[in-house]
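Remarks on the structure that follows.
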Amino acid sequence: MNKNDFLVFAEEENNNTIINSLEPSWSILIVDDDDEVHTVTKLALHDFTFDNKSLNLVSAYSEKEAKEKLLENNDFAFILLDIVMESNDAGLKIIDYIRNELNNHLIRIIIRTGQPGYAPELEIINLYDINDYKEKTELTSTKLYTTTRTALSQYKQLSELENKKDEIYHNLITDSITNLYSRAKLYNDLNELDKIGLMLIDIDSFSTINNAYGYSVGDTILISIANILKKEIPETSFIYRIESDNFILLFQNKNDEYLLDIALRIKNILVKNPFKIEDLTLFINISIGIANYPNDHLLQKSEMAINASREKQDNKIEFYSENLDSIKTINNNLFWSKKLTKAIDSNNIVAYFQPIVDCKTKKIVKYETLARLIFEDIVYTPIHFLGAARNAGLLTKITKIVFEQACKIFSKNELEFSVNITDHDLMDKNFTHTLMEYCEKYKIKTTRVSLEILEEASISKNIQAINSLKELKKLGFLLSIDDFGVEYSNFSQLKHLDIDIVKIDGSFIKDINTNKNSQYITESILLYTKHIEVKTIAEFVHSEEIFNEINNLGIDYAQGYFFGKPKISLVEND
């Protein structure tokens, strides 16, 4: 017989616990109504160590006492538990208390019984995650060592996994720079909380700070703002950083007046006080958007309010409401996007044509092709649906439809014609190929076609767009800049693009006979275009007085209601 199987008895310690001198230690709970079991167990394990930690052996003699010990210390590594004590199921009640009331799924449970053959059903063992079942006569000193080591090893592994899980969760819900809550935590709280008021704080032009001074300075400002919000706005602990320069505060059951007071306080603190970082002194400006209950989709609506707040010049604070211009724009886009899709499917995107005359002869030399949408017998111009078409990605589809219709009409005559194209079209790699297919199908010479470039953004530095224009130019198409003098159409475009025609924006033409500034701008455009030998078209020529004025200035072509409105068929040669 192994000498370790013999247990030596000694006097029991008065404090009912044996603690090895090594620190720290593993806490083990012994639950049994037999005092001798406690004594034998403690003597058997008195010199036991695992992972350089000794055992702190704690005794309990009843269900009630065990629950008290567990409540005092919910950090026991494992429990040696007798099932039958003051009642036949006392041990099972303790197990249920551990797993379901304390919600402790880490502690390992080893059942010991002095009644051979008395063991819980397998269903109970699985339900409560019981690690082992032993009869007391089985647990010799050696086996007790082995059982203890196995239980502690399992507990250590589970604890490490739990800590890792906690670490992952902490990283998930915490912003790494400011230590505020993250976007993931915000989404969770929006689902859990009720009667919420959401305040979105956006630092204006924050990217400029990062670009000018570096990300370390930008991060320092973000950390400072986080600390200021935590300190100066104690009314809420729900503070988040969800993007580079966006902070969120949540409030529960607060009216608009209360939220406005908070917003004004935040703006006063952040805007009026400089941020001092080493030798730098920097001021910031912010925009604040607020969406309060009973609204839903609070984050999206606060972003809409932010966009509206940027139009203000004073405190730049805006509450969400259905009357915001941005909401009207969204509703308008939704309305026209649906109409556009139906119009395309039902062939109700149609080409209209407006004559362009030679100023010297007053004869029609070409037509501009214009897109129209017909819905319920009403004809709509692009001013209604152009924005929706752009946002829905339908611009190029509409351009191709209108271009084919123009080719079909002009295949019956020898007139020149123009079609509007956009920077979106030029980004379509198949766009040039499609135009050529239509020209070949209807036997249209490319030299008869002017492509009028409408720009949402400048294309002078857009490599794909520039390459498309070069390809179109090689194929023989004439290139024209539409609405010249406004937005992105300016002299720099003439420097970078091989343009044949410039159409002077109508805002300078419609009052050129009464507005000297319009006249001066037009004269400047003409001076440059004549030097580079580019033809000019004046649009919005609505009267004889306007025509005489532009003709005297030397503009080549004229277009406007004075010569004809856009029509679904040509004035002549149809």
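Within segment 370-386, the only residue that satisfies the criterion of being open to solvent by less than 30 Å² (accessible area, probe 1.4 Å) and part of a helix (DSSP H, G or I) is Phe385. Look at (1) open to solvent by less than 50 Å² (accessible area, probe 1.4 Å); (2) free of Cβ contacts under 8 Å to residues at least 40 places away in the same chain; (3) closer than 26 Å to Ser321 by Cα; (4) not polar (S, T, N, Q) and you find that Gly214 fails only one, number (3). Looking only at segment 402-414, residues that are within 18 Å of Ile453 (Cα to Cα) and open to solvent by 30 Å² or more (accessible area, probe 1.4 Å) come to 1 in all.
Whenever a residue of segment 60-72 is over 11 Å from Leu29 (Cβ atoms), it has no partner that is open to solvent by 60 Å² or more (accessible area, probe 1.4 Å) and small (Gly, Ala, Ser) lying with C-beta atoms less than 7 angstrom away and at least six residues away or across chains. Restricting Tyr352, Tyr367 to those that are open to solvent by 20 Å² or more (accessible area, probe 1.4 Å), in a strand (DSSP E or B) and touching a residue at least 12 places away in the same chain (Cβ under 8 Å) reduces the list to Tyr352. Among the residues of segment 230-238, is there at least one that is under 20 Å from the mean Cα position of the chain (by Cα), under 19 Å from Asp261 (Cβ atoms) and either small (Gly, Ala, Ser) or open to solvent by 40 Å² or more (accessible area, probe 1.4 Å) (or both)? Within segment 230-238, one or more residues are under 20 Å from the mean Cα position of the chain (by Cα), under 19 Å from Asp261 (Cβ atoms) and either small (Gly, Ala, Ser) or open to solvent by 40 Å² or more (accessible area, probe 1.4 Å) (or both). The set of residues from segment 459-489 being modelled with pLDDT under 95, in a loop (DSSP other than H, G, I, E, B) and farther than 17 Å from Ala558 by Cβ comprises Ile459, Ser460, Lys461, Asn462, Val486, Glu487, Tyr488, Ser489.
Across segment 399-423, the number of residues qualifying as assigned to a helix (DSSP H, G or I) and under 25 Å from Ile568 (Cβ atoms) comes to 12. When the helices (runs of 4 or more DSSP H) confined to segment 234-348 are screened for residues that are closer than 13 Å to Ile201 by Cβ, those reaching at least 2 such residues are found at 256-272, 298-309.
Against the numbered list (1) more than 25 Å from Gly560 (Cα to Cα); (2) open to solvent by less than 20 Å² (accessible area, probe 1.4 Å), Phe417 comes up short only at (1).
The residues of segment 508-542 that are touching a residue at least 24 places away in the same chain (Cβ under 8 Å), of a type in the set (Ser, Thr, Tyr) and open to solvent by 20 Å² or more (accessible area, probe 1.4 Å) amount to a single one, Tyr528.
Of Asn430, Asn391, all but one fail to be in contact (Cβ under 8 Å) with a residue 40 or more places away in the chain and either farther than 14 Å from Leu454 by Cα or buried (at least 16 other Cβ atoms within 10 Å of the Cβ) (or both); the exception is Asn391.
Out of contact with any Lys or Arg (no Cβ under 7 Å at 6 or more places or on another chain) and either at pLDDT 95 or above or open to solvent by 10 Å² or more (accessible area, probe 1.4 Å) (or both), is that true of Gly117? Yes; evaluated as a whole, the condition is true for this residue. Can you find a residue in segment 240-256 that is within 22 Å of Val217 (Cβ to Cβ), of a type in the set (S, T, N, Q) and open to solvent by 70 Å² or more (accessible area, probe 1.4 Å)? Looking for residues that are within 22 Å of Val217 (Cβ to Cβ), of a type in the set (S, T, N, Q) and open to solvent by 70 Å² or more (accessible area, probe 1.4 Å), one finds none in segment 240-256, hence no.
Could we say that Thr49 is within 27 Å of Glu162 (Cβ to Cβ) and of a type in the set (Ser, Thr, Tyr) here? Considered against the rule, which asks whether it is within 27 Å of Glu162 (Cβ to Cβ) and of a type in the set (Ser, Thr, Tyr), Thr49 comes out as yes.
The values are calculated or read from the model by the stated rules, or taken from the named source; none is laboratory data. Since we're looking at a predicted model, the values are computed, not measured. Here Cβ is always computed from backbone atoms with ideal geometry, including for glycine, and neighbour counts include all displayed protein chains. Accessible surface areas use protein heavy atoms only, side chains included; no ligands, DNA or RNA. Shrake-Rupley method; radii C 1.70, N 1.55, O 1.52, S 1.80 Å.
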